[in-house]
1. Going through the range 310-410, which chymotrypsin sites (Phe, Trp or Tyr not before Pro) have at most 16 other Cβ atoms within 10 Å and a DSSP loop state?
2. What number, in percent, do you get for the relative contact order of the chain if the mean sequence gap of Cα pairs under 8 Å and at least 6 apart is divided by its residue count?
3. Can you put 169, 296 in order, fewest other beta carbons within 10 Å first?
4. Find, among the trypsin sites (Lys or Arg not before Pro) in the range 365-400, those assigned to loop by DSSP (not H, G, I, E, B) with at most 14 other beta-carbon atoms within 10 angstrom.
5. Tell me whether the range 450-564 comes out rounded, prolate or oblate; compute the Cα gyration tensor, take square roots of the eigenvalues as a ≥ b ≥ c, and use a/c under 1.5 as the rounded threshold.
6. What's the local net charge at residue 365, with K and R +1, D and E -1, over the other residues with C-beta under 12 Å away?
7. Please enumerate, by chain and number, the aspartates and glutamates with C-alpha under 20 Å from the C-alpha of residue 91, excluding those fewer than 8 residues away in the same chain.
8. Please compare each pair in 153/545; 95/258; 226/407; 516/560 to a cut-off of 25 Å on the Cα-Cα distance and tell me which ones are over it.
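Here, each number is a calculation from the coordinates, and none is a lab measurement. Please read all numbers here as calculations on a predicted model, not as lab measurements. A quick note on method: Cβ atoms are made from the backbone with ideal geometry, for glycine too, and the neighbour counts reach across all protein chains shown.
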Amino acid sequence: MNPEQFEKYTSAITLSDMEIFVFPELMYSLVLADIMSPIIWQWRRLECFKKLEGKSSYKKLMRLKQFIMDEYEFNLDLETWGLTSKTKELKRFEKFVSPDDVAGSNALFGYHGDKYYFDVDIRRHFGLDRYDSDIIPYWKTETVEAMDAFRHKAGYTKRAGECVSLSALYVAAAFIVCGIPLKDIYMILTPLHSQNFIDIQDGVLTNNRRLVTKTMWFNGTAISNKAQRALRNENVTIVAHSSGYIHCLYDDATINRKAYQYLTGQLASYLSTELTLQVFVNFLRSNRDYQKFFQLCRQCRGQAQFLKAEVLFHYEHTSNYRIADRTHEKLLAEVSEEDFVPYQLPGRIRCDELEEFIKKQKVNLKNHDGKTALRRYIEPVIPDAQQFVEKLADFVHIEAKLPAAEKSYLPAEPIEIPVEQSRKQIIDYLQQVRRTNPTADLAFYTYRDMESCDWAPFIKAAVERNPVSIQMADSMSLEEVYAWLEQMKNISIYDGRRLAQPDEVANYKTGDGIEKALLLANVIRQRDPEQDIKITVDNNDVVLKEKSEYRFVSDKGFKKQISIPAGEITCRK
């Protein structure tokens, strides 16, 4: 490896937010690592999924959503993986991206987003305002093993992960459990969020633990409004796909050009809808201040009765029924007779007449004529009718700020895995293509397959980018650190010949003997950077030697001599 490649391969181990931004192929390497993991394949044997055999991929996807909602927490503890510094990270990546580009695209380095994010003080919302000096969180992404192991961490009762971890989990699970081809799933990353577009039916977006269909996207609820924040208000930094990636800063792209063009069209269709009465009502649900300008009319025994819009929305809030959909009449039946009046309310637009106007005029808010027609219709009643129309137009039509399509598209070998293949067949395939497909090769490092990977990137990551274990051991002597490790369970969170990093051991209080030895080595190096360390692994026996000797027990079955030199670990020439 040259130094640039070595940096990328060490990043495949730690998967920080910054590392994925600089090396976008790492995003899909995490997906492939999750697909290779046995954990998600075990889900297919669960009764809740077994009983859906033969059902549509869409129905399975909806059940998957409920499973993830039940089993996983959204983790936004910024210090789960410790702290680093802006200076250190910018220095590390200065060969790849400029500090100005980082500051304009990364929330940890000063990104505030557009006016919306500035107005809501998004940095404070996410707790980022606490980091106004050089010190910042080491925002890392978890493998499915690390997500599952959160159950062992103090304060957690479920599995957990942040948004990037959850988006990778959704891609892998949609493929394994729901049988959705990888080519139909696009990962969309913004500075503050990560989600996926799944090309099924009218389109489905993943949003942390939830799924958002096109109908849900436009329903005007608080949950849907939150789901829209990233695509409404942020530039997309990376799109990752089985065919490759495209990056907002890089001139070269590896994603298939036609696949990216297809996503652009499908996403545009998902983010836009025609104006109907139901969509209009959804807009009013989201914009309560306008409800006072509208009323609903019903016929009761041949007589017209009228109801304030805001009153009906109040009933809807505690009801299972909704305004303007097929349950509308059932909702009206829940309204007290005292809330209806036998006369048309002054200063309010009748929704039935508005619906007739929209249909007759074929109002299209994507063009000037449609906006003008609607403005003229409502301005006798609504103050600042132009602003109302612009808000409504923005509600029904969103344009995602995707990376520019004018790139140099490099020929790249796509990841092509049929949904019918077994886990073993997939691993064998990825082993075959890893020599010609860098993303597949990096996936084995993210997967932590220490039987087939160079150990140097793993060791560098272990002793240079694991601050949590150092912090936890800060008040202990080395003998006390050793005793702390010895009282932990001797079980790795990774099966087979795969290894956890020191901070995973520290956070989850469990680890194989090799993993514990590396945690101790991390602490020793931090206290004595000039100290050379040797770790000898002979099947079950693990011995760490520096000034003293420490012994551990391993079940990984390796025979290995690990030399950790003083100073920064660099790639071999």
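1. 321, 343
2. Working: 924 pairs, mean separation 91.6, N = 573.
Value for the chain: 16 percent.
3. Details: 169 27, 296 23.
So the ranking, lowest neighbour count to highest, is 296, 169.
4. Answer in residue order: 366.
5. On the way: a/c = 1.36, a/b = 1.22, b/c = 1.11.
In terms of gyration-tensor shape, rounded.
6. Details: positive: 362, 366, 371, 375, 391; negative: 274, 369, 390, 394.
Taking every Cβ under 12 Å from that of residue 365, the sum is +1.
7. Excluding near neighbours in sequence, the set is 4, 7, 17, 19, 100, 101, 132, 134, 464, 568.
8. Too far apart for the 25 Å limit: 153/545; 95/258; 226/407.
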